[in-house]
Amino acid sequence: MKFVSALILGAFASTASAFAPATPLNVAPTTRHYSSASQLQMVADDAKVCLVTGASRGLGASIALELGKAGQKVVVNYAGSEDKANEVVEAIKAAGGDAIAIQANCSDQDSIKAMFKTVIDEYGSCDVLVNNAGITADGLLMRMKPKQWQDVIDINLTCVFYTTQEFFKLASKKKLKEGAGRIINISSVVGQMGNEGQANYAAAKGGVIGLTMSNAREFPSRGVTVNCVCPGYIQTDMTDSLPDAVKDAVISKIPLKRMGKPEEVGGMVKFLAIDPAAAYITGHCFNVDGGMAIGA
């Protein structure tokens with residue numbers, strides 16, 4: 001029972017399972033769908049083009065919508081549900097931004113390249129990258145299958161490597177100036193603290209933190225900042241369905257004695273992505289966890 005409880009609690013401490021669908025690994029690399037960019041005239045000329053991976057639901061959708069509310073041009077990446085992705089696109093447009101949806105398999109480099117090509121074809125640039133896509137495949141280490149390990153590493157970590165490479169290629173072609181691009185990687189408190197039954201997920205999310213700091217040291221010469229957001233337990237429709245005893249156990253671990261809201265994570269990402277005050281911030285992790293990982 002201890003392990004089962006750890007998995008239940010860990011699932012909602014993790015960004016991926018709480019907010020992103022289990023991303024299928026067999027999506028054709030060049031398969032994509034995008035909505036018309038006919039509302040481009042509705043956004044400001046200086047609006048940023050923001051690509052959010054795994055944005056068809058949950059945390060990714062909340063991040064995409066927060067950027068849309070700020071009048072940005074948002075690329076809603078998805079792997080599975082085209083209908084869900086298009087719902088996010090329409091919500092962004094209704095909020096005053098512009099958006100397109102593009103299907104891509106985040107664990108496949110060719111699919112990532114094709115996605116960025118579509119972004120450039122539609123918007124001519126990509127100014128902000130939010131690496132949010134993720135999955136979980138929990139299990140005790142001694143029982144974990146190689147596929148459980150590899151799938152989580154591929155989506156949660158290798159995907160960040162692929163998308164960051166493509167993004168930086170574009171940024172390096174821009175005129176050298178402050179603010180040429182911003183990268184925000186979504187990690188997790190699990191990547192900082194570990195969690196029983198989530199060795200693969202903790203390793204991947206810890207790797208994202210290390211990658212963030214390394215890239216923040218490599219990219220300043222081209223005006224690119226790189227930061228990381230680590231969510232804790234965030235309230236979703238999934239957490240709402242948990243038994244009261246489980247929710248009480250979750251909340252007891254949080255100094256602020258409540259779960260976070262998706263828009264609180266989205267707000268932090270929006271700040272790092274487009275706020276002028278974030279121009280001098282790079283290489284850091286920002287926890288949105290109610291104080292859960294204090295000292296980690």
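Things to note:
- Conditions (1) surrounded by fewer than 19 Cβ atoms within 10 Å (Cβ to Cβ); (2) modelled with pLDDT of 90 or more; (3) touching a Leu at 6+ places or on another chain (Cβ under 9 Å): number failed by VAL246: (2)
- Members of the range 184-218 that are of a type in the set (A, V, I, L, M, F, W, C), part of a helix (DSSP H, G or I) and more than 25 Å from LYS147 (Cβ to Cβ): VAL189, MET193, MET213, ALA216
- Residues in the range 117-159 that are within 15 Å of the chain's Cα centre (by Cα), small (Gly, Ala, Ser) and closer than 15 Å to VAL190 by Cβ: GLY134 only.
- Residues located in the range 249-266, provided they are crowded, with 17+ Cβ neighbours inside 10 Å and in contact with a helix residue (DSSP H, G or I) (Cβ under 8 Å, 6 or more places away or on another chain): VAL250, MET259, PRO262, VAL265, GLY266
- Qualifying residue in the range 90-98 (condition: within 27 Å of VAL208 (Cα to Cα) and buried (at least 17 other Cβ atoms within 10 Å of the Cβ)): no
- Test: residue in the range 219-240 that is surrounded by fewer than 16 Cβ atoms within 10 Å (Cβ to Cβ), assigned to a helix (DSSP H, G or I) and either polar (S, T, N, Q) or modelled with pLDDT of 95 or more (or both): yes
- Residue, nearest to ALA133 (Cα to Cα), within the range 72-86, restricted to residues that are surrounded by fewer than 19 Cβ atoms within 10 Å (Cβ to Cβ) and in contact (Cβ under 8 Å) with a residue 24 or more places away in the chain: GLY80
- In the range 105-117 there is at least one residue that is closer than 21 Å to GLY223 by Cα, touching a helix residue (DSSP H, G or I) at 6+ places or on another chain (Cβ under 6 Å), surrounded by fewer than 24 Cβ atoms within 10 Å (Cβ to Cβ) and modelled with pLDDT of 95 or more.
- When we screen LYS175, LYS169 for residues that are modelled with pLDDT under 95, in a helix (DSSP H, G or I) and either hydroxyl-bearing (Ser, Thr, Tyr) or farther than 30 Å from GLY295 by Cα (or both), the only hit is LYS169.
- Once the range 196-241 is narrowed to residues that are among the aromatic types (Phe, Trp, Tyr) and within 21 Å of CYS159 (Cα to Cα), the residue that is farthest from the chain's Cα centre (by Cα) is PHE219.
- Those residues of the range 60-71 which are among the small types (Gly, Ala, Ser) and either surrounded by 24 or more Cβ atoms within 10 Å (Cβ to Cβ) or under 13 Å from ILE102 (Cβ atoms) (or both), in sequence order: GLY60, ALA61, SER62, ALA64, GLY68
- Filter result for the condition that a residue is surrounded by fewer than 24 Cβ atoms within 10 Å (Cβ to Cβ) and part of a loop (DSSP other than H, G, I, E, B), over SER125, SER56: SER125
- Some residue of the range 259-281 being among the small types (Gly, Ala, Ser), touching a Pro at 6+ places or on another chain (Cβ under 7 Å) and within 23 Å of ILE92 (Cα to Cα): yes
- When the test is whether a residue is within 17 Å of CYS106 (Cβ to Cβ) and either modelled with pLDDT of 95 or more or not in a loop (DSSP other than H, G, I, E, B) (or both), THR136 does not pass it.
The values are calculated or read from the model by the stated rules, or taken from the named source; none is laboratory data. Here the structure is a predicted model, which means the values were calculated and not measured. A quick note on method: Cβ atoms are made from the backbone with ideal geometry, for glycine too, and the neighbour counts reach across all protein chains shown.
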